[in-house]
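Below is one structure, written out as structure tokens, with a few remarks after it.
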Amino acid sequence: MTDQSGYVPDAGFFSFVAGSCTNAGLLDAAANLLTKGSWFGCRIEWYAYNNLLNTLIAHGRAQDAVALFESWIQDGLYSPDVWSFNVVIKGVCRVGNLQKALELVERMTEFGCSPDTITQNILVDGLCRVKQVNKGHEVLRRLQRDGVCMPNVVTYTSVISGYCKAGRMKDAFSVYNDMLQSGTRPNTVTYNVLINGYGKALDMESAVRMYWQLILHSCPPDVVTFNSLIDGYCRCGQLDDAMRIWMEMGQHHIQPNVYTFSIIIHSLCTQNRSAEALSLLRELNMRADIVPQTFIYNPIIDILCKGGKVDEANLIVTDMEEKGCHPDKYTYTILIIGHCMKGRIPEAVTLFHKMVETGCRPDNITINSFISCVLKAGMPNEVHQIMLIASGHASASQKVHSHQCQRLDMSVAV
């Protein structure tokens, strides 16, 4: 096929245009171009195919990537290499399809290529992510035994992470020892995984020991290291130790991130230390590099409401909204119950309507708690309307009648 000038598109043309489409997010157009390239007898560079497959997977279209990959092979459009297989295997592992991943590994020999360390790392990580850490560990052992593709720090860390997530810290530590004995040097990620695992297991002695191993092996601690230590101490109720770690971060020139603030604020609220939590919230709001998140505000709003300080809670919500941080269903539930507890039913009703009008669908906890409060306030006629609005069978603009609310000035216990 030619245009009016007699120009015949060549492989370079298809590669360039398909690559441009891929980079522009026009993935279906890129796939169509690469497929049609064969009509002109073009042998398009493998990079163009791999780039599109990788981008499809990055956009959550792993199944489309696999379908294209297999159709291109079947039609003889290109001969995949190890990188091609690794891209697709990683994609199917990411969506939890380990069976397909194993099938693709078996097919590699058809094209004269063998799994490399990256392939094995992808498999190990995929197995551990779907809680098949024993199988992941078996792949690691096979690599150690065969000596063809030697495991590296990523392989070991994936298995350690799998055991930590399963709460099997003895097994995680055993793999760590195997790692050291093999001469593979752990990195900061390895130690972070172990510190986090021990923290979640409430074994802060071992977590701290891993921290000092990190320092001994000249691995630079990062914000994740300190977050894991802080979280571990908070889980153990050792908030003062967590605050000490918070202060030590500055000595390493590491700034707390949004999760550091969240962990500390939540723990302070759990221990009823609202003044300190509010102080930290003010510090966070002064950080231009941190975008406030609803999950940071909710514990403070909750502790204020439980303490009967609903007006202060309302001010926090106003401040939160001014920063572009919108209340979620937990925020609204906390506020509705808080206002009911103070006998301020009209405001609770207004909050319920606002919740629905903003597209935040109340769950059973919100609905049941609100109905309980309304019934205890002597407003049984309003329950039906609340149920209709919550189920979507009535508009939130059809207000719950509040003529009874205006006369109420009572404390309602949920």
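The values are calculated or read from the model by the stated rules, or taken from the named source; none is laboratory data. All figures in this text were calculated on a predicted structure; none of them were measured in a lab. In this analysis, Cβ positions are derived from the backbone assuming ideal geometry, glycine residues included, and neighbour counts consider all displayed protein chains.
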Next on the checklist: Every residue in segment 146-164 that is surrounded by 15 or more Cβ atoms within 10 Å (Cβ to Cβ) and part of a helix (DSSP H, G or I), please.
Outcome noted: VAL153, VAL154, THR155, TYR156, THR157, SER158, VAL159, ILE160, SER161, GLY162, TYR163, CYS164
Item to check | Given (1) over 37 Å from the mean Cα position of the chain (by Cα); (2) modelled with pLDDT of 90 or more; (3) small (Gly, Ala, Ser), index of the condition GLY378 fails | outcome: (2)
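Those residues that are assigned to a helix (DSSP H, G or I) and in contact with a Ser or Thr (Cβ under 9 Å, 6 or more places away or on another chain), I need them from segment 69-89; list them, please. Break it down stepwise before answering.
To start, the set of residues in segment 69-89 that are assigned to a helix (DSSP H, G or I) comprises 69-74, 82-89.
PHE69, SER71, TRP72, ILE73, VAL82, PHE85, ASN86, ILE89 - these are the residues of segment 69-89 that are assigned to a helix (DSSP H, G or I) and in contact with a Ser or Thr (Cβ under 9 Å, 6 or more places away or on another chain).
Please state which one of ILE300, ILE296 is surrounded by 18 or more Cβ atoms within 10 Å (Cβ to Cβ) and touching a Phe, Trp or Tyr at 6+ places or on another chain (Cβ under 8 Å).
Values: ILE300 fails: touching a Phe, Trp or Tyr at 6+ places or on another chain (Cβ under 8 Å).
Unique residue meeting the criteria: ILE296.
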Checklist entry - If you scan segment 186-200, which residues turn out to be crowded, with 18+ Cβ neighbours inside 10 Å and outside any helix (DSSP H, G or I)? => result PRO186
Next on the checklist: Looking at segment 141-169, I want the residues that are within 14 Å of VAL189 (Cβ to Cβ) and have a partner that is of a type in the set (A, V, I, L, M) and surrounded by fewer than 19 Cβ atoms within 10 Å (Cβ to Cβ) with Cβ atoms under 6 Å, at least 6 apart or on another chain. Which pairs are those?
Outcome noted: THR157/VAL189
Next on the checklist: So the check is Cβ under 9 Å with 6+ separation or different chains; which pairs have a first residue in segment 358-386 that's in contact (Cβ under 8 Å) with a residue 12 or more places away in the chain and a second one that's among the basic types (Lys, Arg) and surrounded by 12 or more Cβ atoms within 10 Å (Cβ to Cβ)?
Outcome noted: CYS360/LYS329; CYS360/LYS354; ARG361/LYS329; PRO362/LYS329; ASP363/LYS329; ILE365/LYS329; THR366/LYS329; GLN385/LYS399
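Within 28 Å of the chain's Cα centre (by Cα) and either assigned to a loop (DSSP other than H, G, I, E, B) or under 14 Å from ILE195 (Cα atoms) (or both): which single residue out of GLY183, GLY167 fits that description?
Working: GLY183 fails: within 28 Å of the chain's Cα centre (by Cα).
On inspection, the qualifying residue turns out to be GLY167.
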